[in-house]
Amino acid sequence: VQLQASGGGLVQAGDSRRLSCADSRRTVSNNGMGWFRQAPGKEREFVASIDRTGGRILYADSVKGRFTISRDNAKNTVYLQMNSLKPEDTAVYFCASHLSVYASSASRDYRYWGQGTLVTVSS
């Protein structure tokens, strides 16, 4: 399974960016999906998660109200819309597929991980 995360780049504080995560084997469409991030010198942290149907969504407090996770199962793609970006959002963002269909904030619940895409927010 190869999850491909894309959409990272250099943005200014206050800007928006949308990340995408797709694969060719319907892993995205068949499982719960999550986004995590890892800032330089810090541990990986949970950002957002969505269950298979989109009926249950979880967010980290630090991104609640600014980020939106969504999915298009027909396209085997999950998205992370990031608005009002802050310098502290700078990190490598990873998508991951859940062991099952659920949403979860625990990294141990995820089986497959994408390679990460770097988002840099300048002040």
| task | Kindly indicate whether any position in the stretch 52-59 is among the aromatic types (F, W, Y), open to solvent by 30 Å² or more (accessible area, probe 1.4 Å) and closer than 15 Å to W113 by Cβ. | result | no
| message | With the requirement that a residue be closer than 18 Å to Q2 by Cβ and either among the aromatic types (F, W, Y) or open to solvent by less than 20 Å² (accessible area, probe 1.4 Å) (or both), what does the stretch 81-97 give you? | response | Y93, F94, C95, A96, S97
| request: Filter the stretch 99-118 down to the residues that are part of a strand (DSSP E or B) and farther than 21 Å from V63 by Cα, then identify the one that is least open to solvent (accessible area, probe 1.4 Å). | output: Y112
| task | Pick out the one residue from A48, A74, A96 that is part of a helix (DSSP H, G or I) and among the small types (G, A, S). | result | A74
| said: Residue under question is Q2, and the condition is that it be open to solvent by 10 Å² or more (accessible area, probe 1.4 Å), assigned to a loop (DSSP other than H, G, I, E, B) and either under 17 Å from D109 (Cα atoms) or not aromatic (F, W, Y) (or both); does it hold? | reply: yes
| field | Out of G14, G32, sole residue that is more than 11 Å from the chain's Cα centre (by Cα) and under 25 Å from S84 (Cα atoms) | value | G14
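The values are calculated or read from the model by the stated rules, or taken from the named source; none is laboratory data. Small disclaimer: the values here were computed from a predicted structure and weren't measured. So basically every Cβ, Gly included, is an ideal-geometry build from the backbone, and we count neighbours across all protein chains shown. Remember, those area values only see protein heavy atoms, side chains included, never the ligands or the DNA or RNA. Shrake-Rupley method; radii C 1.70, N 1.55, O 1.52, S 1.80 Å.
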